[in-house]
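What follows is calculated from the coordinates using simple rules that are stated; it is not laboratory data. Source: prediction; values computed, not measured. Ideal geometry is used to build each Cβ from the backbone, glycine not excepted, and the neighbour counts take in all protein chains shown.
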Amino acid sequence: MKSETQTAKAVSHTDEPKTARTLFRSDAMQRIMAFSALIVLAIGFSIASPYFRTFDNFVGILLATAVNGVLGLGVTFIIITSGIDLSVGTVMTFSAVMTGVFITNWHLPIPIGILGGILAGSLAGFINGTVISRMKIPPFIATLGMLNIARGLSLVISDLHPIYFNDTPAFREMAMGSVVGKIIPGFEVPNAVFIMFGAAIIAHLILSRTILGRYTFAIGSNEEATRLSGVNVAAWKTAVYALGGFFAGMGGVLIASRLNSAQPALGFGYELDAIAAVVIGGTSLSGGEGSILGTIIGAFIMSTLTNGLRILSVPQEWQIVVTGGIVILAVFLDILRRRR
Amino acid sequence: MIKVPPAPSSEKEYLLRMDGIYKSFPGVQALSDAKFELRYGEVHALVGENGAGKSTLMKILGGIYEKDNGQIILEGNEVEITSPGMAQHLGISIIHQELNLMPHLTVAQNIFIGREPRTRIPFVVDENTTNEKAMGLFELLNLRLDPTTKVADLTVAKQQMVEIAKALSFNAKILVMDEPTAALTDTEIEELFTVIRQLREKGVGIVHISHRLEELKQISDRVTVMRDGKYIDTLMTSEARIDHIISLMVGRTIYESVPELPENPDQEVSLEVRNLNRGKILRDVSFSLKKGEILGFAGLIGAGRTEVARVIFGADSHESGDIFIKGKQVHIKSPTDAVTHGIGYLSEDRKRYGLTLAMDVKENVAMAAMKKFLRWLGLVDFKKTNERGREMVEALNIKTPSLEQKVKFLSGGNQQKVVIGKWLTADTDILIFDEPTRGIDVGAKSEIYKLLNDLAHQGKSIIMISSELPEILRMSHRVLVMCEGRVTGILNAREATQESIMKFATMRSEAVLVTEQ
């Protein structure tokens, strides 16, 4: 968002009442458009195949979105600061492995194990943030390094074997059981889905109502001006990346619960899906704007697409191609929308 | 929130006094024994040419630079200002030309960034109180602003108001405004002046840095002139004449001798530009350049001279206007086109745009004309590049240990010669020099001037953009003066004086400006 003139640098437009143009550009409009895209997809697939529009399939989509959605929450904050985090996938795996170590190997109570796993993720995020703010290493490089470190540590700690939770069936119940199903018979939606929505609500509140959210936008909008205004940008940036690690940790616990095991070789590639969800949801890579709602919609668009294509027997490889194409299309549409 | 200061007593008559300020940067003495003094409830204009030291002095006041020597006395107490935070704390607020705002945040959020009112829930921001407090500030200034508007949706004029409101929220006693009217329409300027007058009534001291001398007459009480980093004089604005202010700004500088200009150039026109327009940056620019002529481009920073050069060179686009070379119309869409038509551009910042610092002398010399140095399959003919490099080093007297010396190790003057060598190798006839002697010592400067003269003798057509008026007067056949994107005057160099050039350089158009889409 740079202006060509040599004088005032801040982007400006003439003071106009809410015309159709400003409305088109507003954040709310962007969210509505993304949501409409989702609805169109869902309707399209429902028409194309009867197998799509079953309750079980919808639940399947919800479940498939759970982990990616949680990961996307932290990444949303990071991208709003105009940073990036490539390590969320492997940090997720690392957290899953640590949860396995705590619960299965060390026989700690399940709640402690879960807390430990999430803390492990937060620690990795905190390290990312420190490296980026204090050592001034670009986020791309710093988190790329962490990606490999976390991946390596997962393999080392787990000794290359998956860690199973068979001794503690309550752990699997956490994500895959259905509290709602017990209250409303026939409505067997796994807890993981509600955990994701709950996390999203909390993330939304943090982003829109707290000082952390405020500074996230400020840093992304004009980091230098924020620093000159006396805000400790280094500290708050570190906090944002730590938050990213926190959600990666949460995702790790969720996926370990879903699979009833910690799979050390998993995770690589999850970060790209998380980033894609954030970007499709309308958060700009140049920073300063974005929303949790957008990210959740973005995550659903991706899993709906994948699911629908699979039901239509499109080979898996092509699904990935389509997802990549959608990301480019979404960002392009967003750039157009902004420029107009 | 604004504390009205007590009536001035004899000890605290001055709100601010800066005395004996010295500041140097590597290679340049930016300030020598600079002074400045500000009273309560005064609008004090600070004027001077580019590089006179006004910004440096104010940045020291604002805690952005540290002075080497001197005193700052604020309300009777000596202070050491070591950081921007401290300056703000002391009640000094600077509004820079590039506004320090976060465009995605709202007005109120911008004003209270770092000091957000909180609710009782930890970490949660109290948005309503933030907006209310902002409204309170606006009332003090009679501003009509919605605190919930995103800053990006405001005009530049309103954004400036936000900065002023922010300064007020810090109980600013001193407000420094750097070129505040540069981007405003006439109506907006009036609104700004109304606000400034209100602040003055409240006892705030305002430093108004501007090149627009007629405006200063309207708004300022006193005006201080600086030149070459030194304090020159302070005048009561009501008694000062603009001519007098200009002569103080420009002074009489002794200039070392330089080769005489060649005789009158041919009448053949090598470059003609008609009605060039580029948004608000260039407006209706027209001129012609003759063969063998040196046309000096004078004007203040931001006047649009570099922008004209970049458009002619194809580095930037233009909305309308025509360019003719040797009488034929050309369409230059990129620097590649420009070079093909024989135009070369020596940029202001030679380290960024003129040289590849990591490469050596001969590689840089050959850079703009690689076609000449290729063998089949795209292989580089090293024998030829060596030969050419040697030729240029000799012809231009480039001091370098070898052709293989990386140019980043050469002195400024020799680097500039390498750039000239590059354009000569590319067989360019029309050369645009942008600040050719910036950052070059006196000895090397004479050599560059001699080179320019030789090139003109050989029939090259030269545009020389410079902020040093003596240089322009010495080297040019004619002088073209720009102000805020317009050509305000084309003078014959023999008849021009520093004062007359300055007059054209500060001559804003009197017509009412309408906001353009």
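Quick notes on this one:
- Three-way shape call for segment B:38-191 based on the alpha-carbon gyration tensor, with the a/c threshold at 1.5: oblate
- Cut-off under 5 Å, modelled amide H: who pairs with residue B:30 long-range: B:23, B:24, B:25
- Look at the dipole of the protein assembly as shown built from charges on Cβ: of A:156, B:109, A:203, the Cα furthest out on the positive end belongs to A:156.
- Look at where the Cα atoms of segment A:210-243 and of segment B:117-155 average out, and the two centres are 19 Å apart.
- Label-to-label distance, nm, for residues given as residue B:132 and residue B:144 (7 Å Cα→Cβ offset): 2.5
- Residue A:173/residue B:89 FRET efficiency (R0 60 Å; Cβ-Cβ; nearest 0.05): 0.60
- Förster radius 56 Å - calculated FRET efficiency between residue B:371 and residue A:201, Cβ distance, rounded to 0.05: 0.30
- Given B:326/B:371; B:406/B:445; B:333/B:445; B:384/B:408; B:54/B:406, the pairs whose alpha carbons are separated by over 27 Å: B:333/B:445; B:54/B:406
- Counting Cβ atoms of other protein chains within 10 Å of each residue's Cβ and taking the mean over peptide A:215-221 gives 4.
- For segment B:335-416: rounded, prolate or oblate by the Cα gyration tensor [a/c cutoff 1.5]: oblate
- In this label model, residue B:79 and residue B:267 are separated by 6.6 nm, measuring between points 7 Å along each Cα→Cβ vector.
- Using a cut-off of 21 Å between Cα atoms, the listed pairs B:59/B:280; B:59/B:173; B:35/B:173 include B:59/B:280 as exceeding that distance.
- Fewest-first ordering of B:376, A:106 by other beta carbons within 10 Å of each residue's beta carbon gives B:376, A:106.
- Of the residues B:28, B:339, B:419, the one with the fewest other Cβ atoms within 10 Å heads the list, and the complete ranking is B:28, B:339, B:419.
- The local environment of residue A:139, defined by Cβ-Cβ distances under 14 Å, has a net charge of 0 under the rule Lys, Arg +1 and Asp, Glu -1.
- Charge dipole (debye, nearest 20) of chain B; +1 at Cβ of Lys and Arg, -1 at Cβ of Asp and Glu: 1140
- Distance from the C-alpha centroid of segment B:351-377 to that of segment A:22-78: 53 Å, rounded to the whole angstrom.
- Each of A:196, A:92, A:135, A:33 was scored by other Cβ atoms within 10 Å of its Cβ. Listed from fewest to most, they are A:135, A:33, A:196, A:92.
- Test item: Cα-centred dipole of the protein assembly as shown, Lys/Arg +1 and Asp/Glu -1 on Cβ, debye: 1260
- Hypothetical label at residue A:183: residues of segment A:59-83 whose amide nitrogen lies under 19 Å (7 Å Cα-Cβ projection): A:59, A:63
- Counting only other chain Cβ atoms within 10 Å of each residue's Cβ, the peptide B:118-124 averages 3.
- Shielding by partners - mean other protein chain Cβ count within 10 Å, residues of A:281-290: 1
- Across segment B:455-469, computed HN-Hα scalar couplings (Karplus, 6.51 cos²θ - 1.76 cosθ + 1.60, θ = phi - 60°) run 4, 5, 4, 6, x, 6, 9, 10, 9, 10, 8, 8, 9, 9, 4 Hz from first to last residue, x flagging Gly and Pro.
- Top positive-direction residue, dipole computed over the protein assembly as shown with Cβ charges, set B:48, B:226, B:281: B:281
- Of the residues A:121, A:72, A:267, the one that moves most in a GNM of chain A with alpha-carbon contacts below 10 Å is A:267.
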